[in-house]
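Only one structure is covered here, and it is reproduced in the block below.
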Amino acid sequence: MSNPWRGEVNLVVNGQVCVMRLTLGALAGLEAALAEPSLVALVERFEQGRFSSTDVLALLKAGLLGGGCPVAPEALDHADIEGGPMGAARAAAELIARAFVVPAS
């Protein structure tokens with residue numbers, strides 16, 4: 001079960017519930033992978049809807065790594081994600097939002 005106060009988001013991969021979280025290390029790797037100059041630019045990219053499927057995959061991989069999920073990042077390229085591409089995009093958007101916004105109580 002994910003904890004929104006820790007910035008966690010659930011993602012069901014191949015039928016297994018994985019908890020994702022963007023740690024500082026995961027965010028640094030994400031910046032490098034997406035060639036963004038800052039965290040602000042990265043967040044704006046998603047807020048403005050200027051993201052690609054490659055961006056979504058990179059974000060999910062960073063979240064899985066930060067959450068300590070046993071799914072290998074390279075295996076995610078061929079995995080069955082609950083909700084398909086839209087479910088993946090929703091989870092990615094929620095993940096980045098939770099990394100920078102305190103949830104409502």
Residues of segment 11-47 being part of a helix (DSSP H, G or I) and surrounded by 14 or more Cβ atoms within 10 Å (Cβ to Cβ), in sequence order, are A26, L27, G29, L30, E31, A33, L34, L39, L42, V43, R45, F46
Contacts under 8 angstrom Cβ, first residue in segment 1-18 being under 17 Å from P70 (Cβ atoms), partner exposed (fewer than 12 other Cβ atoms within 10 Å of the Cβ) and not hydrophobic (A, V, I, L, M, F, W, C), 6 or more apart: V13/D80; N14/D80; G15/D80; C18/P70
With the condition kept exactly as written, say whether any residue in segment 53-61 is closer than 20 Å to R6 by Cα and modelled with pLDDT under 90. no
Would you check if E8 is touching a helix residue (DSSP H, G or I) at 6+ places or on another chain (Cβ under 9 Å) and either modelled with pLDDT under 90 or surrounded by fewer than 19 Cβ atoms within 10 Å (Cβ to Cβ) (or both)? no
I'd like the residue in segment 48-66 that is closer than 14 Å to R21 by Cα and of a type in the set (G, A, S) and, out of all such residues, is surrounded by the most Cβ atoms within 10 Å (Cβ to Cβ). G63
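The values are calculated or read from the model by the stated rules, or taken from the named source; none is laboratory data. This structure is a prediction, so every number in the text was calculated from the model and none was measured. Counting neighbours? That spans all protein chains shown, and the Cβs are built from the backbone with ideal geometry, glycine included.
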